[in-house]
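Accompanying notes for the structure given below.
The values are calculated or read from the model by the stated rules, or taken from the named source; none is laboratory data. These numbers come from a predicted model, not from an experiment. Because the Cβ atoms are built from the backbone with ideal geometry, glycine has one as well, and the counts that use them run over all protein chains shown. Side chains are part of the model used for accessible areas, which takes the heavy atoms of the whole protein and leaves out ligands, DNA and RNA. Shrake-Rupley method; radii C 1.70, N 1.55, O 1.52, S 1.80 Å.
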Amino acid sequence: MRFWRFWFNSVFLSSQYEPARFIEFVMLLLTLLLLGIWGFTQELPYMLLCLSYAIGAAISMLVREAIAPSPEAQVSRLTALLLLLISLYGFFDFL
């Protein structure tokens, strides 16, 4: 029970400390979950929703770094651009 309380408190505090990063984390977590579901079902809506979440998280990262740069800004921007390019390629490949 202590483990779950500690975990819940950690999630709660991280969502208050850095809300933008927390939302990006949730979006990327949903992306991975939907990608796993798509791997089993091979249905198009799961993949399109997965790519939409990935594009949204990448754009959110780029906007956050443009507004308030962090010490690891270059790594974050590079990761976001790579995620955005791969997601856009996958999105237009399905259309």
### Query
Considering the values (1) 43, 37, 15; (2) 57, 26, 18; (3) 46, 34, 15, which represents Cα extents along the principal axes in Å as calculated for the structure under consideration?
(1)
### Message
Calculate the FRET efficiency for V26 and F94 from the Cβ-Cβ distance with a Förster distance of 30 Å, rounded to the nearest 0.05.
### Response
0.80
### Message
With a 1.4 Å probe and all protein chains left in place, how much of the accessible area of the chain comes from carbon and sulfur atoms, in whole percent?
### Response
75 percent
